[in-house]
1. For A111, only one of the following conditions fails: (1) in contact with a Phe, Trp or Tyr (Cβ under 7 Å, 6 or more places away or on another chain); (2) of a type in the set (A, V, I, L, M); (3) over 30 Å from T178 (Cβ atoms). What is its number?
2. When both residues are 6+ apart or on different chains and their Cβ atoms are under 8 Å apart, which pairs have a first residue that lies in segment 51-65 and is over 22 Å from N97 (Cα atoms), and a second that is of a type outside the set (D, E) and assigned to a loop (DSSP other than H, G, I, E, B)?
3. Taking segment 40-64, which residues are open to solvent by 40 Å² or more (accessible area, probe 1.4 Å), assigned to a loop (DSSP other than H, G, I, E, B) and in contact with a Ser or Thr (Cβ under 8 Å, 6 or more places away or on another chain)?
4. The conditions are (1) acidic (D, E); (2) in contact with a helix residue (DSSP H, G or I) (Cβ under 7 Å, 6 or more places away or on another chain); (3) surrounded by fewer than 18 Cβ atoms within 10 Å (Cβ to Cβ), and E122 fails exactly one of them. Which is it?
5. So for segment 92-108 (the condition being open to solvent by 20 Å² or more (accessible area, probe 1.4 Å) and more than 30 Å from I34 (Cα to Cα)), does at least one residue qualify?
6. Among the small types (G, A, S), within 24 Å of the chain's Cα centre (by Cα) and surrounded by 12 or more Cβ atoms within 10 Å (Cβ to Cβ): does that describe A192?
7. Give the residue that is least open to solvent (accessible area, probe 1.4 Å), with candidates limited to residues of segment 136-173 that are of a type in the set (V, I, T) and within 18 Å of A84 (Cβ to Cβ).
8. Hey, could you check segment 66-78 for residues that are open to solvent by 70 Å² or more (accessible area, probe 1.4 Å) and either outside any strand (DSSP E or B) or in contact with a His (Cβ under 9 Å, 6 or more places away or on another chain) (or both) and say which is modelled with the lowest pLDDT?
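The values are calculated or read from the model by the stated rules, or taken from the named source; none is laboratory data. Quantities reported herein were computed from a predicted structural model and do not represent experimental measurements. When we count neighbours, we look across all protein chains shown, and the Cβ atoms used for this are built from the backbone with ideal geometry, even at glycine. Just so you know, the surface numbers come from the protein's heavy atoms only, side chains and all, with ligands and any DNA or RNA stripped out. Shrake-Rupley method; radii C 1.70, N 1.55, O 1.52, S 1.80 Å.
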Amino acid sequence: MQRGSIFAFLLLVIAGLIVISQSAYIVDETEQVIITRLGEYRKEEVHPGLKFKTPFLESAHRIEKRLLRFDSAPSEFLTAEKKALIVDFYARYRIINARQFFEVVRTELQAGGRLEAIISSEIREEVATHDQIEVIRDQREALMRNVTERSDVKAREFGMSVVDVRIVGADFPPEVATSVYDRMRSERTRIANRFRAEGDEEKAKIEAEADLERAQILAQANELAQTIRGEGEAEAIRIQGEAIDTDREFYNFVRTLEAYETSVEEGTTLVLPLDSDFYQFLTDIYPVGDERRTE
């Protein structure tokens with residue numbers, strides 16, 4: 001084969017490869033493809049697989065099917081109190097009409113600009129009807145829900161659907177942040193002191209009630225103890241009386257012996273009449289001839 005023929009064959013192969021690369025393309029399941037002919041919309045491919053187009057005349061433009069995210073730059077908004085807030089937000093959106101999106105917006109970068117204008121306008125309008133504390137804490141969820149719904153309606157004009165809008169941060173401008181934080185700190189301190197005072201008052205009330213209840217319980221216990229003690233003493237006296245009545249002589253004998261034990265010690269001298277009851281048992285308990293008998 002001559003050199004010229006080989007060169008022509010190589011050119012033919014290269015040209016064929018170029019034609020194939022320009023005519024065949026693959027549609028991924030995560031994307032949709034817009035085909036244009038000389039810049040004009042031709043068709044839309046949404047099903048994944050290998051596809052073909054006219055080489056050189058037609059171009060393929062890939063557009064995401066998946067959920068996309070747009071992050072905004074922090075912007076200043078005025079609340080209903082005419083106070084400034086620096087709000088930073090992000091949005092999640094999806095391209096739902098590829099042809100409309102391509103003809104009006106074309107790229108994701110331009111889509112971000114459109115969404116920022118739409119969502120910022122809605123946030124500005126919503127923030128203007130709420131106080132600072134509502135935007136920062138109390139009404140944030142409801143506010144974002146309203147912004148999402150209204151932004152979605154406007155974004156659909158550009159072939160997009162806004163799925164969610166979230167505030168990343170809502171803060172005060174640097175020039176007023178310090179004074180606002182000091183005021184918030186003072187307010188929280190005042191509330192804490194009020195709660196502490198109420199707690200001390202409740203503590204004193206509970207302690208007073210507990211002391212009163214304790215005194216009442218002790219008084220009732222003492223009264224009951226006195227009653228039981230009196231009943232016991234009365235019962236003891238009754239039992240003792242019954243015992244005495246059973247054998248008075250034995251009782252007198254025992255009592256006299258107890259008196260001897262407490263009053264008669266070694267070396268004690270007693271002077272008693274002979275007819276004394278106290279003397280009577282002394283003569284009985286000492287044997288005849290014992291010196292203690294007559295002492």
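1. All conditions pass for A111, except number (1).
2. Close Cβ pairs satisfying both conditions: L57/L38.
3. T54
4. (3)
5. No, every residue in segment 92-108 fails to be open to solvent by 20 Å² or more (accessible area, probe 1.4 Å) and more than 30 Å from I34 (Cα to Cα).
6. no
7. I167
8. This residue is P74.
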